[in-house]
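If you scroll down you'll find the structure; I have some questions about it.
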Amino acid sequence: MFKTSIRNFLAHKGRMALSTLAVLLGVAFVSGTLVFSDTINVAFTGIAGSTAADVTIKPKQAFTPEVEDRGLSGETPTLPAGVVAKVAAVQGVRAAHGQVSLQNLTVVDKDDKPVGPTTGAPTLGQNWYDDPQVHLVQGHAPTKAGEIVLDQASARHKDIHLGDPLRILTPTGSMPGTVVGVVTFTTGNPGVTMAYVDTATAQAQLLGKPDQFTGVTVDTAPGTGHTTAQERIKAALGDGYSVATKEEQAQTAAQQISSFLSVVTLALLGFAGLAVLVGIFLILNTFAMLVAQRTRELGLLRALGAGRGQVLRSVLTEALLLGVIGSTLGLGVGIGLAAGLKSLISDFGVDLSGTALVIGPVTPVAAYAVGVLVTLVAAYLPARRAARISPMAALREAAVPAEPRLGRRTVLGAVLLVAGLGLLYGASTHHATIVTAGALLGGGIVASLLALVVLGPALSRVVVYGLGAPYPAVFGAVGRMSRLNAVRNPRRTGATAGALMISLSLVGAVAVLAASLTTSVDRDVDNTFGADYVLSGNGATPIGHEVTEKVRAIPGVQAVTRQRYAVAHLNGFQLVLSGVDVATVDQAVKPQYVAGSTADVAAGKVMVDETTATADGLRVGSPVELHFLNGKVGTLTVGAISKPPAGAGKDGGSWEVSLDTLNRFAPEAQDFALYLNTASGADRSKVQAGLETALAGYPQVTVQSQADYKKSITGQVDTVLYLVYALLALAIVIAVLGVVNTLALSVIERTREIGLLRAIGTSRAQVGRMVRLESVLIAVHGALLGLGLGLAWGVAGQKVLELYGITALSIPWTTILAVLAGAAVAGLAAAVVPAVKAARMRVLGAIATS
Amino acid sequence: MSTATAATRATPRTIAARAEALTKAYGSGETRVVALDAVDVAVRQGEFVAIMGPSGSGKSTLMHCLAGLDTATSGQILIGDTEITRLKDKKLTQLRRDKVGFIFQAFNLLPTLTALENITLPMDIAGRKPDQVWLDRVIDTVGLSGRLKHRPTELSGGQQQRVACARALASRPEIVFADEPTGNLDSRAGAEILGFLRQSVDGLGQTIVMVTHDPVAASYADRVLFLADGRIVDELPEPTADSVLDRMRRFDGAGRRS
């Protein structure tokens, strides 16, 4: 029987090709993601591990803030210079270097353009000391104020040479200088821009604190282990410092990177999973058709004495072959994909050339597990159907497949649908907590999706027939035949459209949520944006006090409301506390209070948003004990509760105090954003011009009017939206391949019919049109179901997210219509090859085919 | 060759289809197989011609060439006044649609369409309205009035073939080609079909060319052409089943001798 499986597989190479392609694409995405994230992980951990000094001493912090919140406050914990000498005196320490290292910097060239990346990797400023990992390749080390050494990748990228002027912008001021040297790193450069100055300048101008360091790095003497040195240093310094060995540093770095990467990896794997799920439909259809075509042959095998199990196994063996071949190819393509991504990001300045592609043991295991399992699962139903073929089938006239009985299936589907819609309705009317509402929503999504998959065949009869209603009138006999052909095999049409439905349901849901978010933000901005301009830094870093002073001096500016951030822990969970100038906040951001008022905030109390208050059981008067990064602890009283702002889902909620209160606990927090109100009667264009002049030297600061602000939010939402669409495209492509597959197999099945049509005078063009029209019907049917489902999910999702400030429901009809039109075009595209094949069929050959 | 039979007719009639020196060969050089060897045939309007011959004699090839389904290697074919050997696929398709009707041995109907839709299919494809009076008459003649809404799977083999006949006639083609139309039917259903074909020639003035190996079927024709090895070896006017059988026996003998 194994031989028959292989022969059959080889005999149907062409028909297997599209299924193989579907497996290939899914597996390639899975393995590509795994290889790429493993490679990044190893590369970054390697860099972090090898750049770390033998032992590193840092001021102790109360907790480690989330990576993305680290730069918000602009606080830089420091230790006194005396520590360096203390450490140097410890036995086994060969050298101790006081280190000044700052992340919240901007380096600009002579045109005031940033040298470093504006997104992603940071720009670091550091003092120069003898570090074995850093190599001067040009010029000399910085020795006095005004001398700057730059890393080679940034210099090349921005075409900067020795002698070129540069300026380093810090939260406290700016430092002009000239490039005197260029360096490379032993371990490569993952996209960071590094600027070195001499230690005194670093302390005085970058850090703004002479005689302070941000840390101490230690080279141990030969023969002294890192842990031994660490223990001795700890003993010498006492409490108040964190002392870490090279190995611990590497481990921490690895943990941070992998926790960040795992989010990305999981998201990518989610999309890969979706692609694989869609692929199942395609494979299922292929095998169903192969089994149907081979009914007589399989009947003959049964008549000759093959058992049911043998027939089942023979079909599954073919599936196994398909899975193994698809997985192998997919693994190869996935590795290629990862290599491509690696070289792509090197164009963005992330140099990973030092690290080879990492193919962990999980990758091939996952690739084959996914590829083979998916094919076997997809082929199981058709295989079982094959095993049920009676030996009599061999003797019967060419099989006319019996009308499938869909009764039980339809009942099950209807039950699921009612359950799904009920759950979705429950989710959208349930206003207690996000957890239960989310659970209801998730259940509703799964149940309604399953319902439509189960109902697929029955629905395809009704919907496709309905959609095709205008066909006979518009396209005549050809249209009528297309319409009838499309509902001829409801199971097949259902599965083909189902694949498209799944991918487009997500498109629909995401589109609704994104549009609702944009509208909510818009409305929110209209309600709360009282300032004429808002100034903020690029990336999540403060803009610095120097800017504040310059802006205050602009004529026509009536009020400048400052906002600063501090990171704190409440009951062990991190939150970001915002401090504002209470005198002008009402006019700058028009807070929407549910309870209390700005006066309460001014009085030293804290404001929290309603969603967070409900979740944490807080009301006006409740005490909250906040633990700040620098070790200070403050017990504040809740004085006001606000409406949740749009997108308030940020972990920890939205918390606000007066600037004075914030300064008490985080005295070193820097100005993060400025809200400007112009004086009444001031000339807006003059103020605008004044702003432009004042900020010319600060490219890290962005000025936004209300309209700009809205646009930037919309832009961010759109970016995420397009990214999601791009990732969904993979599933959509596989779904369209499914349509191609179904059509191609249908054309082969209907060879004689097409021959007959051609014989009695149907032209080639008409035969082609017939196939294309059928394809459009199937595609639009799938799109319609998917978008309908997606709309339901999106609407329910919006209601659930009302708790997080997405208060407006907006349905993007243009997007939805565009997707429908796109589906029709995809249908036409899918039909190109099958239609040509059908049209080119030779009449006599087709009639003679049995 | 047809002067004798032409003389027996009361009125001279025009030619519905004609082949001159029609040759069809497959392959080339040593593997060249000649299926039709310079065949001359003429079918007059309103005539029912049967083509007989052993398998491999070229009778199906001759019909396919005459009907514009297959291309000739050399020679000329005329349907009415149209020379078809040089027509491009598009024109040829139009010609089949408008001037030719077909009845095949099996698989004659589209399973998705009803009987009536199958009958009017060639006109629907052409985008023409059927001539209702004529259509009713054709449907009446084949006795299908009660079954027009049925799908092919709901009809017996004989009924399906009657639908096919009705389709072939409904568009009033210049000529109908039937390829073993009774080959898959029992003798009663076969007789019905043949009677109907005869009737359409006598009553409706249809021209029919039928390929068959059944002497009884051939006896319904006005004239039988015998093919062997790609050549017309004989013809028999006003055939009866016996005379055809008789001729076939001799012909078999002749075949064996050669």
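The values are calculated or read from the model by the stated rules, or taken from the named source; none is laboratory data. Computed from a predicted model, the values in this text were never measured in an experiment. Please note: Cβ atoms are built from the backbone with ideal geometry, for glycine as well, and neighbour counts cover all protein chains shown. SASA here: full protein model, heavy atoms, side chains in, ligands and nucleic acids out. Shrake-Rupley method; radii C 1.70, N 1.55, O 1.52, S 1.80 Å.
Under 13 Å from the Cβ of A:LYS550, count the other residues' Cβ atoms, weight Lys and Arg +1, Asp and Glu -1, and hand me the total.
Around A:LYS550, the charge tally is -3.
Which of the listed residues, A:GLY82, A:GLN126, A:GLY46, is farthest toward the dipole's positive end in the stretch A:35-172, when Lys, Arg count +1 and Asp, Glu count -1 at the beta-carbon?
The listed residue farthest towards the positive side: A:GLY82.
Within 10 Å of each Cβ in A:759-771, how many Cβ atoms from other chains are there, averaged over the peptide?
The mean count of partner-chain Cβ atoms within 10 Å per residue comes to 6.
Among A:HIS545, A:SER258, A:THR612, whose Cα projects farthest towards the positive end of the dipole of the protein assembly as shown, with charges put on the beta-carbon of Lys, Arg (+1) and Asp, Glu (-1)?
Selected residue: A:SER258.
I'd like the distance separating the alpha-carbon centroids of the stretch A:538-576 and the stretch A:772-849, in whole Å.
Computed from Cα coordinates, the inter-centre distance equals 48 Å.
Here's something else I'd like to know. Using helices alone, what [θ] at 222 nm do you get for chain A, with -39,500 (n - 2.57) per DSSP H run of 4 or more residues, divided over all residues and rounded to the nearest 500?
Computed mean residue ellipticity for chain A: -19000 deg cm²/dmol.
Using a 1.4 Å probe on the protein heavy atoms, what percent of the accessible area of the protein assembly as shown belongs to carbon and sulfur?
Result for the protein assembly as shown: 59 percent of the exposed heavy-atom area is carbon or sulfur.
What distance in nm separates the simple spin-label points at A:ALA414 and A:THR433, each placed 7 Å from Cα in the Cβ direction?
Using points 7 Å along Cα→Cβ, the separation is 3.8 nm.
Next question, about the same structure. Could the peptides A:225-234, B:35-44 be put in order, highest first, of the mean number of other beta-carbon atoms found within 10 Å of their residues?
B:35-44, A:225-234
Oh, and also: Using the crude model of +1 on Lys and Arg Cβ and -1 on Asp and Glu Cβ, and no other charge, please compute the dipole size for the stretch B:142-207 relative to its Cα centre, in debye to 20.
320 debye
Taking beta carbons within 10 Å but only from partner chains, what does the mean come to for residues B:59-69?
Mean number of neighbouring Cβ atoms from other chains: 2.
To the nearest 20 debye, what charge dipole does chain B have about its Cα centre, counting +1 at the Cβ of each Lys and Arg and -1 at the Cβ of each Asp and Glu?
440 debye
Set the Förster radius R0 to 25 Å, insert the Cβ-Cβ distance between B:ALA21 and B:GLU238 as r into 1/(1 + (r/R0)^6), and round the FRET efficiency to 0.05.
The value I calculate is 0.35.
Mean-square fluctuation check for chain B, GNM, Cα pairs under 10 Å: which of B:MET63, B:MET52, B:MET210 is largest?
Ranking B:MET63, B:MET52, B:MET210 by mean-square fluctuation puts B:MET63 first.
Given H placed 1.01 Å from N in the peptide plane, which residues other than close sequence neighbours of A:THR178 have an amide H under 5 Å from its amide H?
Result for A:THR178 returns A:GLU147, A:ILE148, A:LEU166.
Mind checking B:122-134 for the average number of partner chain beta-carbons within 10 Å of each residue's beta-carbon?
3
Enter the mean projected area of the convex hull around the alpha-carbon atoms of chain B, in nm², rounded to one decimal.
Averaged projected area of chain B's Cα convex hull equals 14.6 nm².
Related question: Would you mind pulling out the separation of the Cα centroids of the stretch A:55-91 and the stretch A:248-269, in Å?
Between the Cα centre of the stretch A:55-91 and that of the stretch A:248-269, the gap is 23 Å.
Which FRET efficiency, nearest 0.05, do A:ARG619 and A:ALA235 yield, Cβ-Cβ r, R0 45 Å?
Efficiency computed from Cβ-Cβ geometry: 0.40.
Here's a follow-up. Can you work out the Karplus-derived ³J(HN,Hα) for every residue in the stretch A:128-140? Use 6.51 cos²θ - 1.76 cosθ + 1.60 with θ = phi - 60°, whole Hz, and x for glycine or proline.
My calculation for the stretch A:128-140 gives 8, 8, 6, 10, x, 7, 10, 10, 6, 10, 8, x, 9 Hz in order.
Past the 53 angstrom mark, what percentage of all C-alpha to C-alpha distances in chain A do you count?
Distances greater than 53 Å cover 30 percent of the Cα pairs.
Using modelled backbone amide H atoms (1.01 Å from N, in-plane), which distant-in-sequence or interchain residues come within less than 5 Å of A:VAL183's amide H?
Close amide H contacts, sequence-distant or interchain: A:VAL137, A:LEU150, A:ASP151, A:GLN152.
Turning to a different aspect of this structure: Between A:ARG664 and A:VAL264, what FRET efficiency follows from the Cβ-Cβ distance if R0 is 41 Å, with the result rounded to 0.05?
The computed FRET efficiency comes out at 0.60.
Something else about it: So what is the relative contact order of chain A, in percent, for Cα pairs below 8 Å that sit 6 or more residues apart?
Computed over chain A, the figure is 17 percent.
So what is the calculated 222 nm ellipticity per residue for chain B, using -39500 (n - 2.57) for each DSSP H run with n of 4 or more, over all residues, to the nearest 500 deg cm²/dmol?
Roughly -11500 deg cm²/dmol at 222 nm, from the helical runs in chain B.
Scan around B:LEU185 for amide H atoms under 5 Å from its own, H built in the peptide plane at 1.01 Å from N, and keep only partners 5 or more places away or cross-chain.
Sorted by chain and number, the residues that satisfy this come to none at all.
With helices defined as uninterrupted DSSP H runs, which ones in chain A have an alpha carbon span along their own long axis of at least 24 Å and mean Kyte-Doolittle hydropathy of at least 1.6?
Correct list, ordered by number: A:434-459.
Here is a follow-up. Mind checking the full-extension length gain between A:ALA85 and A:GLN133? Use 0.36 nm per residue of separation minus the Cα-Cα distance, one decimal, nm.
15.0 nm
So if I place +1 on the C-beta of Lys and Arg and -1 on the C-beta of Asp and Glu, and nothing else carries charge, what would the dipole magnitude of the stretch A:704-783 be about its Cα centre? I want it in debye, nearest 20.
It works out to roughly 320 debye.
Toward the positive end of the charge dipole of the stretch A:636-709, about the Cα centre and with charges on Cβ (Lys, Arg +1; Asp, Glu -1), which of A:SER685, A:PRO644, A:TRP655 goes farthest?
Result: A:PRO644.
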